[in-house]
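> Shown below is the structure under consideration.
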Amino acid sequence: MQRRQLLVAGGALCAARPGHALDFAPPRAPARMRADIDRIIDIAVGIRPFRAQGPRIEAQRLHGKTVVHHYGHGGSGWSLSWGSAQRALALVQASGAQPGQRIAVIGCGAIGLTTARTAQQAGYKVRLYAKDRPPRVHSSAATGLWTPDSRIVTSEHASEVWSAGWEAMARASFKMHQSYLGLPSGPVEWHDGYVVADEGFDTPLPRHAGEPDYPDIASRIADLRPRGAALAAGEHPFAKPHVRRFTQLVFNIPAYQRLLLDDFARDGGEIVQRELLSPRDFARLPERLVVNCAGDGARKLLGDNSLTPVRGQTARLIPQPEVDYALIYRAHNLVVLPRRDGLLVAAMGEDDFGNDDLRPDRAQSEAAVQRLAGLF
Ligand SMILES: Cc1cc2nc3c(=O)[nH]c(=O)nc-3n(C[C@H](O)[C@H](O)[C@H](O)COP(=O)(O)OP(=O)(O)OC[C@H]3O[C@@H](n4cnc5c(N)ncnc54)[C@H](O)[C@@H]3O)c2cc1C
């Protein structure tokens with residue numbers, strides 16, 4: 001490889017100063033992640049609310065109220081949130097609810113918060129009702145990667161019409177996330193990352209136990225991120241034969257949640273801590289229109305068996321600000337993000353699909369950290 005190519009690939013091209021030739025800094029090797037189990041500071045477990053048909057975004061008349069259901073975003077809730085909220089807002093507007101009117105939003109996770117903000121921006125007053133608020137919501141346990149196609153629908157239900165609707169939501173959401181870049185608390189950032197693998201990238205990925213077949217819809221939005229590049233030995237520090245570099249959008253979940261909560265309150269939003277126990281409780285709310293963003297909570301609240309819980313566990317290691325890249329160990333169930341609140345280590349368990357066990361499994365996270373240590 002030519003010296004110039006090497007420098008550009010290392011991301012080390014410096015800005016030109018007026019009157020000077022271009023300066024080049026030596027290529028910087030990615031800082032080593034300190035993958036020690038005694039650096040685990042927190043383990044979080046959350047449930048992905050998966051629906052084979054995709055998210056439920058529809059209006060229903062229930063006990064004299066219009067209820068706009070807005071739940072079932074699987075492993076894509078953060079990524080799709082804004083675009084999905086626009087779809088829910090269209091149903092609110094179609095119900096005849098007028099700007100200036102107060103509406104109720106149930107739920108304070110990624111979907112409830114972004115729905116509430118979207119409604120406020122459209123001129124509605126919003127009161128949020130939630131059993132729990134961050135950080136005690138499932139959304140707080142999320143990894144924080146732009147994954148709008150993660151457990152969002154099965155191949156069986158991904159018709160052309162559905163996929164086009166999903167694409168529109170993903171694009172709208174992507175655009176909105178970009179408006180959160182460059183803020184002091186860093187709710188949204190772009191990071192480079194590496195996918196490392198023992199076998200070539202053409203090798204099919206193993207399917208997790210009990211999981212359905214998922215469609216390839218990501219190719220519809222391939223233009224939304226830079227193309228990756230395969231790296232040769234010597235161009236990376238990892239102890240694996242196959243390595244690709246990618247660039248991806250990362251959500252610093254705690255900062256994002258706080259900002260959404262602050263913006264919501266600043267625009268006059270109120271939060272009421274309340275658990276709704278049955279659909280009749282919609283009717284007991286003073287607001288005439290309710291948007292139901294209860295996530296996995298809709299299984300119990302509505303008896304909705306179209307929802308399948310998918311357990312997920314993330315661990316955080318002590319923050320390493322010098323680490324600015326993500327790392328994925330392909331086919332080995334390991335995703336690591338350079339989040340500001342810690343190195344986020346996500347790993348699937350063998351029996352997560354259909355599992356709503358919220359007890360942390362420390363051994364699972366320790367094994368993931370040990371797999372990470374083996375990559376350097
Ligand atoms: C481990 C893990 C990793 C993930 N990683 C990513 C990722 O990298 N990128 C991505 O885009 N997505 C990711 N996701 C998915 C994303 O987090 C979910 O899609 C999202 O959390 C769903 O948000 P929600 O607001 O619908 O539900 P929740 O976060 O569960 O919020 C539901 C809200 O409703 C309230 N509620 C529930 N029932 C009731 C009731 N009866 N009465 C009153 N209030 C009620 C709850 O208290 C809560 O406030 C991940 C999820 C997990 C678990």
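The values are calculated or read from the model by the stated rules, or taken from the named source; none is laboratory data. What you see is a predicted model, and the numbers here were worked out from it, not measured in a lab. Using ideal geometry, Cβ is built from the backbone for each residue, glycine included, and neighbour counts are taken over all protein chains shown. Surface areas here come from the heavy atoms of the whole protein model, side chains and all, with no ligands, DNA or RNA. Shrake-Rupley method; radii C 1.70, N 1.55, O 1.52, S 1.80 Å.
> Using +1 at the Cβ of each Lys and Arg and -1 at the Cβ of each Asp and Glu in the range 299-376, identify which of 314, 331, 373 lies farthest towards the dipole's positive end.
Checked the options; the winner is 314.
> Restricting to DSSP H runs of at least four residues, report the calculated mean residue ellipticity at 222 nm for the chain, -39500 (n - 2.57) per run over all residues, nearest 500 deg cm²/dmol.
Computed ellipticity for the chain at 222 nm equals -7500 deg cm²/dmol.
> Dimensions of the range 162-273 along principal axes (Cα, Å, largest first)?
Computed over the Cα atoms, the extents are 54, 36, 29 Å.
> From the phi of every residue in the range 273-289, what ³J(HN,Hα) in whole Hz does the Karplus formula 6.51 cos²θ - 1.76 cosθ + 1.60 yield, where θ is phi - 60° and glycine or proline is x?
7, 7, 9, 8, 9, 7, x, 4, 5, 4, 5, 7, 6, x, 6, 7, 10
> Name the long-range amide H neighbours of residue 334: under 5 Å, sequence gap of 5 or more, or other chain; modelled H, no Pro or chain starts.
329
> Using a cut-off of 29 Å between alpha-carbon atoms, which lysines can reach residue 175, once sequence neighbours fewer than 8 places away in the same chain are excluded?
Cross-link targets: 125.
> For the range 153-159, take each phi angle, set θ = phi - 60°, evaluate the Karplus expression 6.51 cos²θ - 1.76 cosθ + 1.60, and give the result in whole Hz per residue in order, putting x for glycine and proline.
These are the phi-based 3J(HN,Hα) values: 6, 9, 4, 4, 9, 8, 5 Hz.
> How big is the dipole moment of the chain about its Cα centre under a simple scheme where the beta carbon of each Lys and Arg is +1, that of each Asp and Glu is -1, and everything else is neutral? Debye, nearest 20, please.
The dipole of the chain has a size of about 980 debye.
> Now for a separate question. Springs between alpha-carbon atoms under 10 Å, Gaussian network over the chain: tell me which of 305, 252, 355 tops the mean-square fluctuations.
Its mean-square fluctuation being the largest, the pick is 305.
> If you count, for each residue, the other Cβ atoms within 10 Å and average over each peptide, how do 242-249, 217-224 line up from highest to lowest?
In decreasing order of mean packing, 242-249, 217-224 become 242-249, 217-224.
> Residue 66's amide H: which non-local residues (gap 5+, or another chain) put their own amide H closer than 5 Å, with H modeled 1.01 Å from N in plane and none for Pro or chain starts?
Hits under the 5 Å cutoff: 290.
> In whole Hz, with x marking every Gly and Pro, tabulate ³J(HN,Hα) for the range 196-211 from phi via Karplus 6.51 cos²θ - 1.76 cosθ + 1.60, θ = phi - 60°.
Listing the rounded values in order: 10, 8, 7, 10, x, 6, 7, 5, x, 6, x, 8, 6, 4, x, 7 Hz.
> In angstroms, what radius of gyration and Dmax does the chain have, counting Cα atoms only?
21.8, 73
> Based on the Cα gyration tensor of the range 20-168, what are the three equivalent ellipsoid semi-axes, each the root of five times an eigenvalue, rounded to whole Å and given largest first?
They are 35, 20, 19 Å, listed from largest to smallest.
> Compute the relative contact order of the chain as a whole-number percentage, counting only Cα pairs closer than 8 Å that sit 6 or more residues apart in sequence.
26
> Can you list the residues, at least 5 places off or on another chain, whose amide H is less than 5 Å from the amide H of residue 124, using H built in the peptide plane?
Excluding prolines and chain starts, which carry no amide H, the hits are 100.
> Give the dimensionless ratio obtained when the Cα radius of gyration of the range 203-265 is divided by 2.2 N^0.38 Å.
Normalised Rg, Cα atoms only: 1.69.
> Further, regarding this structure: Just by accessible area at a 1.4 angstrom probe, what is the order of 350, 167, 199 from largest to smallest?
350, 199, 167
> Then there is this: When the solvent-accessible surface of protein heavy atoms is calculated with a 1.4 angstrom probe, in what order do 169, 176 fall, highest first?
176, 169
> Still on this structure, please answer the following. Of 188, 214, 55, which is farthest towards the positive pole of the chain's charge dipole, taken about the Cα centre with +1 and -1 on the beta-carbons of Lys, Arg and Asp, Glu respectively?
Comparing the listed Cα positions along the dipole, 188 ranks first.
> Please report the antiparallel percentage of DSSP beta bridges with both residues in the range 37-373, rounded to the nearest 5.
Antiparallel: roughly 70 percent of the beta bridges in the range 37-373.
> May I ask you to list the lysines whose Cα is less than 23 Å away from that of residue 300, ignoring any residue fewer than eight positions away on the same chain?
65, 131
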